[in-house]
Every structure is written in structure tokens, then in C-alpha cells.
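Please read the structure below before turning to the comments.
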Amino acid sequence: MNLSISIYDGEVRDLINRAPAKLSDAMLGGMNDATALVLRELKTYPPPPSNITYERTRSLSNSWHKEIEGSGLQIRGIVGSNQNIAPYNRWVQDEERQAEVHRGRWTNTAQEVLRHNEANIRDMFSARVRAALP
């Protein structure tokens, strides 16, 4: 006696074939979310000191930019400050080089923004991947 079972696996095969593209799109979405969050926080100025005697030019804020390279698991997000626009950027928003005058006021250093948002960024990628997979 021979028994035969036929299973239609077209939908499963289609899902498997689409998965790499869907995951790549999810990674791109997660990277867009993450770099936008980091960029927004780095561009934020603290309130000016009460004795300020100059008008802020926003050059430091305008120096921050983001770019995304690659795709899928090789995706890379870069958030950086253009030193040609704000040559003093490291003395303000780099934790290791921050000038004493900025300590305690400019708390959104590059390092602190990443530390503060590490879990949020992980959650962004997880949510994008979960949404991409049925």
C-alpha cells in the first residue's frame, strides 16, 4: 500500500523568497529611525545661560548630518558633525574633549546620546523586523 500526501507550499516558498528583501527593508527602516533620533538629539541646544551676550548662529546644529550606507545586515548609519561648519564641535559635544565651560550644560554629547538611546535603538530595529515578518 502506497500513501501519498501533497502539500501546496507555494505560499511558504514565496515568503522565503521575499524574506531577504523584506528584512533588508526592515533594516533600512530601523537605521532611518535610529539615525533620525540620534541626529535630532545631537542638534538640540540646551537653554542659553542667563548672562548670554551673543545670538546663537546654530552652526553647531547645522553641522550635524546623517547618512546610511549598505543594506541588509551590512547596513551602516553614520551621524557626524562637519568640522568645516563647526570647527569647535569636539569642544562642545565630545565627552572626552568637552571644554570645562560646556560641562554640565551640554549634556547631549555624542557618547551620552548613544548611551541614553541604546535600548530605544534596539527596540526600533526589533519592531521593524517583527513588522516585516508575518
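The largest-to-smallest principal axis extents of the Cα set in the chain are 94, 25, 23 Å. In a fully extended conformation the segment linking GLN83 and HIS102 would gain 5.0 nm over its present Cα-Cα distance, using 0.36 nm per residue.
Overall, the accessible surface of the chain at a probe of 1.4 angstrom is composed of carbon and sulfur to the extent of 53 percent.
Within the listed set VAL101, VAL113, VAL38, the residue fluctuating most in the Gaussian network model of the chain (springs between alpha-carbon atoms under 10 angstrom) is VAL101. For the chain, a crude dipole built from +1 on the beta carbon of Lys and Arg and -1 on the beta carbon of Asp and Glu, taken about the Cα centre, is about 240 debye to the nearest 20. Between HIS116 and SER61, the simple spin-label model (points 7 angstrom out along Cα→Cβ) gives 1.5 nm.
Couplings for region 18-31, taken from phi via the Karplus curve 6.51 cos²θ - 1.76 cosθ + 1.60 with θ = phi - 60°, read 7, 4, x, 5, 5, 5, 5, 4, 5, 5, 5, x, x, 5 Hz in order; Gly and Pro are left as x. Here the 3J(HN,Hα) profile of region 65-77, calculated from phi with Karplus coefficients 6.51, -1.76 and 1.60 at θ = phi - 60°, is 8, 9, 8, 10, 10, x, 7, x, 6, 9, 6, 9, x Hz, Gly and Pro shown as x.
The values are calculated or read from the model by the stated rules, or taken from the named source; none is laboratory data. Predicted, not measured: the structure shown is a model, and the values here were computed from it. Methodologically, a virtual Cβ is constructed for each residue, glycine included, from the backbone with ideal geometry; neighbour enumeration extends over all protein chains shown. For the accessible areas, the whole protein counts, side chains as well, though only heavy atoms, and no ligand, DNA or RNA atoms are used. Shrake-Rupley method; radii C 1.70, N 1.55, O 1.52, S 1.80 Å.
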